[in-house]
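Data block below; observations after.
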Amino acid sequence: MTVVRPRPESDTDRDAPGASLADSGTPGLRERGAAALHATGQRLTGVGGWLISRWRRSLQLRVAATTLLVCGIVVLIVGIFIVDQVSNGILRAKRDAAVRQATVGLAYARSVFAPTDVQDVSSMVEARQKLLTTQTAGGRGAGLFSIVVKSPESPGSNDMTVIPTSLRSVVQRDNLAVQYGSVNIGPEAVPVHGLIVGAPVQASNGLVELYYLFPLTAEAQTIALLQRTVLLGGLGLVLLVVAIALLVTRQVVRPVRVAAQTAGRLAAGDLSQRISVRGSDDIARLGRSFNDMAGSLQRQIRRLEDLSRLQRRFTSDVSHELRTPLTTIRMASELLHGARDDFGPELARSAELLRAELDRFEALLTDLLEISRYDAGVASLESETADLRGLVTSTVEASAMLAERHGSEIVVQAPNGPVSVEMDSRRVERILRNLVGNALDHGEGRPVVVTIGYDDDAVAVTVRDYGVGLRPGEAGLVFNRFWRGDPSRSRMTGGTGLGLAISLEDARLHDGWLQAWGERGYGAQFRLTLPRRSGHTLLSSPLALRPDDRDEQ
Amino acid sequence: MGAVKPRVLVVDDDSALAEMLGIVLRTDGFDPAFVSDGSRALHAFRETKPDVVLLDLMLPGLSGIDVCRAIRAESGTPIIMLTAKSDTVDVVLGLESGADDYVVKPFKPKELVARMRARLRQHEDVVSETLTIGPPDAPVNIDVPAHQVMRDGAQIALTPLEFDLLVALARKPRQVFTREVLLEQVWGYRHAADTRLVNVHVQRLRSKVERDPERPEVVLTVRGVGYKAGPP
């Protein structure tokens, strides 16, 4: 025979406690592990972890970051291109102007240097000075700063300026040449970037190389300014675009976030939550649809709530209203029953039946009222520390009459000392009474074994009978209201059919378990497990649900 | 019981139940009187001077709770509530307003009569018996046959039930009484019944005999077990 499968809320499977232990243990472990990690690697992972979690959670952040990246690359490329183009243009213009200026002054230079002796330093200096004065007098042109005169015939030239040899060799071959290089300007002779235009001039006794020096200081400044401008402009542009992206996503994300929060609160049970809607755009339409949905949900739930409240009130009122006339009937029946010896046999039997059925009727009414109290959610626990063993003993003693009627013996297996539990004795006693009554009812005259077990966290009572047992699947059904195992079987106790359902509610109110096991032909066992301290979550039961004598299967 | 039938005042608005109660009570040797309106209950109580009151909690006019308070304000006559509700709040409210005991509808006549007889039980203690409990500097003296409780030379007015409860505890000053034992000795319950009866009446008793009911010295709570009398 197979293990009887449980219905979900009354886990019959004996592995259930273990399973719930594993379930509740795992998050604890994970949490602890996370805490340890967090502590050790806080400095390292703190910021990174925060960023990663933000990245995962925030659509806005992702959009902004992507925009920043793409826009940054585009601006960088465009900026480099612009700076490059403009610098080239500036330099080309400068070069053209410089060459033009040098060429223009070349005829005059020839006339100046023609009579000059290359070997004569002073005349050379004089000629240079003359040339320089004339050339720079215009003030305009390409910003000629200085002229260097060199001659291959006079290596010890008057000027410190070093002209690149590559340029000199070109000029010495009687060519006009242009080259960039560093030029010394000012009295401190600080070398700056400049443009050198070299031109050969024929002197009286040899070739004179004229080098026109054009410093590029102004151009360098212009280019630097341009670079700065482009950089700043680019940065500003990127920031602007990111800001726009942020604003735009914010406009979209904010209503989505509001909708998500509202949906969360709705789900948590606050049905009056709504989104404030402005305008008539797509977002507003989303909000309106959301609100319509929430309103419709609220109406439906309200209607259901009203219905069930009404129904519960009705059941409770009916139970109460029935009690007063029932009291009168009960007293009348007792009176008749007491006087039945004076009646004929039929009347006497009627009086007996009347009384017996009134008992049943009353038990049913009491149970209905109790169930309705649970359904209305008004059942409350009055916990007190008490001895479970004492409670079991008194319950068994109270069931002695019933046991005698069934011809069953009740065996109690209890620990020697008292077993203190925080519990509502009235409810626990009712559970035990129901379980024992049920076991006697189905025990077919065989003994009923009540066992008490306990550990540090929980106590358990099992009630075992050796009757017909339960068919597969029935272990979950026994707690259903008005469920009858075998409709054809007669019942001596005439239970109301609500006893186990109430017991299950009683156990749940204690945060405890009430479970059933049964096998056809081997009897059944019910196990009540309660936490020793109220509010404590049960993880396991001190007693097995499946009895030891059926364990080997 | 003696030759004189004990008088019972039945306060109930259900005429059928009242009539049936009348039949049962007369059969069992009581002398019942009836009133169906809460507002006339106190007047009827003064007129009939009953030995015990059966009081329905749901009444037209004045509610059962208010009638109970009004009667208790001027007399210690035993009051037994008839209640359709076994909800904690209603029962505790009824007990706190002065009822000695309660029966939940639908009750059996025998059960009701047993409850009434327990309340009417005459103490035939003719032997002089005085008990002293509580702290030495402010002891509570009990004169059992005279039904008198004194502290600091002043008499404390207790209802018969409160008196019985105090005497039960004071007779065995070192013994701890569980609620179940007290229910049997004072209320006459054979089987375990509602321990709230004990809790509420201990509170009422403390409010009368203790100097500070928040820090009791006469009736002490033994956590997880029950109550005991303070050392003499």
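Across segment A:464-472, not a single residue is classified as in a helix (DSSP H, G or I) and at pLDDT below 90. In segment A:242-269, which residues are more than 25 Å from A:Arg62 (Cα to Cα) and loosely packed, with under 12 Cβ neighbours inside 10 Å? Result: A:Ala267, A:Ala268, A:Gly269. The set of residues in segment A:414-451 being among the polar types (S, T, N, Q) and in contact with a strand residue (DSSP E or B) (Cβ under 8 Å, 6 or more places away or on another chain) consists of A:Ser420, A:Ser425, A:Asn438, A:Thr451. Every residue in segment A:100-133 that is within 20 Å of A:Gly206 (Cβ to Cβ), in contact with a Leu (Cβ under 9 Å, 6 or more places away or on another chain) and either free of Cβ contacts under 8 Å to residues at least 12 places away in the same chain or assigned to a helix (DSSP H, G or I) (or both), please. Hits for segment A:100-133 are A:Leu106, A:Tyr108, A:Ala109, A:Val112, A:Phe113, A:Arg128, A:Leu131. If I go through segment B:36-78 residue by residue, how many of them are polar (S, T, N, Q) and within 14 Å of chain A (Cβ to nearest Cβ)? Counting residues in segment B:36-78 that are polar (S, T, N, Q) and within 14 Å of chain A (Cβ to nearest Cβ) gives 1. Scanning segment B:10-35 for residues that are touching a residue at least 12 places away in the same chain (Cβ under 8 Å), within 13 Å of another protein chain (Cβ to nearest Cβ) and among the small types (Gly, Ala, Ser) gives B:Ser15, B:Ala18, B:Gly22. When segment A:282-306 is filtered for residues that are acidic (Asp, Glu) and under 24 Å from A:Leu61 (Cβ atoms), only A:Asp282 remains.
Just one of the listed residues (A:Arg360, A:Arg349) is away from every other protein chain (no Cβ under 11 Å), surrounded by fewer than 17 Cβ atoms within 10 Å (Cβ to Cβ) and touching a Lys or Arg at 6+ places or on another chain (Cβ under 9 Å), namely A:Arg349. Could you tell me whether any residue of segment A:410-427 is without any contact (Cβ under 8 Å) to a residue 40 or more places away in the chain, of a type in the set (Val, Ile, Thr) and within 12 Å of chain B (Cβ to nearest Cβ)? Within segment A:410-427, none of the residues are without any contact (Cβ under 8 Å) to a residue 40 or more places away in the chain, of a type in the set (Val, Ile, Thr) and within 12 Å of chain B (Cβ to nearest Cβ).
Of the residues making up segment B:87-98, none is touching a Pro at 6+ places or on another chain (Cβ under 7 Å) and β-branched (Val, Ile, Thr). A residue that is among the acidic types (Asp, Glu) and exposed (fewer than 15 other Cβ atoms within 10 Å of the Cβ) cannot be found anywhere in segment A:365-381.
Per-residue answers, yes or no, for (1) free of Cβ contacts under 8 Å to residues at least 12 places away in the same chain; (2) among the small types (Gly, Ala, Ser); (3) under 20 Å from A:Val378 (Cα atoms):
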residue	(1), (2), (3)
A:Arg278	yes, no, no
A:Ser289	yes, yes, no
A:Arg302	no, no, yes
A:Leu310	yes, no, yes
A:Leu326	no, no, no
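Here the condition is being surrounded by fewer than 18 Cβ atoms within 10 Å (Cβ to Cβ), polar (S, T, N, Q) and within 20 Å of B:Val91 (Cα to Cα); of B:Ser63, B:Ser39, it holds for B:Ser63 alone. Listed conditions (1) over 30 Å from A:Thr217 (Cβ atoms); (2) in contact (Cβ under 8 Å) with a residue 40 or more places away in the chain; (3) assigned to a helix (DSSP H, G or I) are all met by A:Gly49, apart from (2). Annotation note: Cβ proximity below 6 Å between a residue of segment A:146-167 that is charged (D, E, K, R) and a residue that is at pLDDT below 60 (sequence gap 6+ or interchain) occurs for A:Lys150/A:Ser157.
Looking across segment A:431-456, the residues that are more than 20 Å from A:Glu519 (Cα to Cα) and outside any helix (DSSP H, G or I) come down to A:Ile452, A:Gly453, A:Tyr454, A:Asp455, A:Asp456.
The values are calculated or read from the model by the stated rules, or taken from the named source; none is laboratory data. Just so we're clear, the structure is a prediction, and the values are computed from it rather than from any experiment. Counting neighbours? That spans all protein chains shown, and the Cβs are built from the backbone with ideal geometry, glycine included.
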